[in-house]
1. Looking at (1) in contact with a strand residue (DSSP E or B) (Cβ under 6 Å, 6 or more places away or on another chain); (2) more than 16 Å from G155 (Cα to Cα); (3) open to solvent by less than 80 Å² (accessible area, probe 1.4 Å), which is the one condition that is false for G57?
2. What are the pairs, 6+ residues apart or on separate chains, where a residue within segment 69-85 that is touching a residue at least 24 places away in the same chain (Cβ under 8 Å) has its Cβ under 8 Å from a residue that is charged (D, E, K, R) and not in a strand (DSSP E or B)?
3. Looking at segment 101-123 only, could you name the residues that are more than 13 Å from the chain's Cα centre (by Cα) and either of a type in the set (D, E, K, R) or surrounded by 15 or more Cβ atoms within 10 Å (Cβ to Cβ) (or both)?
4. Considering only strands (runs of 3 or more DSSP E) fully contained in segment 74-174, which possess at least 1 residues that are over 23 Å from Y64 (Cα atoms) and hydroxyl-bearing (S, T, Y)?
5. Quick one: how many residues across segment 64-79 are open to solvent by less than 50 Å² (accessible area, probe 1.4 Å) and either under 18 Å from the mean Cα position of the chain (by Cα) or among the basic types (K, R) (or both)?
6. Residue check, V126 against (1) open to solvent by 70 Å² or more (accessible area, probe 1.4 Å); (2) farther than 27 Å from T166 by Cα; (3) of a type in the set (V, I, T), all met but one. Which one?
Amino acid sequence: AIEYLKGNGIGFGSYNTFGDLNLDIIGNGGSGVTVTNYRRELDLEQGIHRITYTEGGVNYTREYFTSYPDNIMVLRFSSSSSGRINVTARFSIPHYNSSVIGSNGTLTLSGNLSGNNMAFEAQLQVINTGGTRTTNSNNIAVNNADAVTMILAIGTDYANVYPNYTGSHPHNAV
């Protein structure tokens, strides 16, 4: 009957979005340049999502993949001409008890959920080939690079262990 559907009154928590990784990609051609040859593909054999396009006579490639054993996502941006990659990475998060720290090409987002105090952490490492990389307290900007590789790892202290479902802080794993 209904008492079995209502549970025991102890909260089960709730599902929240972790947050967003925002990438501001700045084109080199300005408003008068048209993008052509736009193509999106998913290579199931290699497990890579790829976007290719041409802008201002330059061919651009964006590649993404995730690795379950390593618990990471890798993003790589490149172009057919040197010095053409301009991107700024930043986190946006819906959680009040959190902070973002930028240092030496890495953004670290950490905090705790307000409802159940679950700890969470994400780290984004940005590696540029050529160009300049500037790390601020809340973003990493790469300008005039030949290529950019980003490695994203995230985690929580959730553990599927009754009754408190809390494991180790995610920092070391991330």
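1. Of everything listed in (1) in contact with a strand residue (DSSP E or B) (Cβ under 6 Å, 6 or more places away or on another chain); (2) more than 16 Å from G155 (Cα to Cα); (3) open to solvent by less than 80 Å² (accessible area, probe 1.4 Å), G57 misses just condition (1).
2. That search, which allows pairs on different chains as well, returns S78/D146; S79/D146; S82/D146; G83/D146; R84/D146; I85/D146.
3. G102, G105, S110, G111, N112, L113, M118, A119, F120, listed by residue number.
4. In segment 74-174, the matching strands (runs of 3 or more DSSP E) lie at 98-103, 106-112.
5. Selection size over segment 64-79: 7.
6. That leaves (1) as the condition not met.
The values are calculated or read from the model by the stated rules, or taken from the named source; none is laboratory data. Since this is a predicted model, take the numbers as computed values, not measurements. Positions of Cβ are backbone-derived with ideal geometry, glycine not excepted, and every protein chain shown enters the neighbour counts. Side chains are part of the model used for accessible areas, which takes the heavy atoms of the whole protein and leaves out ligands, DNA and RNA. Shrake-Rupley method; radii C 1.70, N 1.55, O 1.52, S 1.80 Å.
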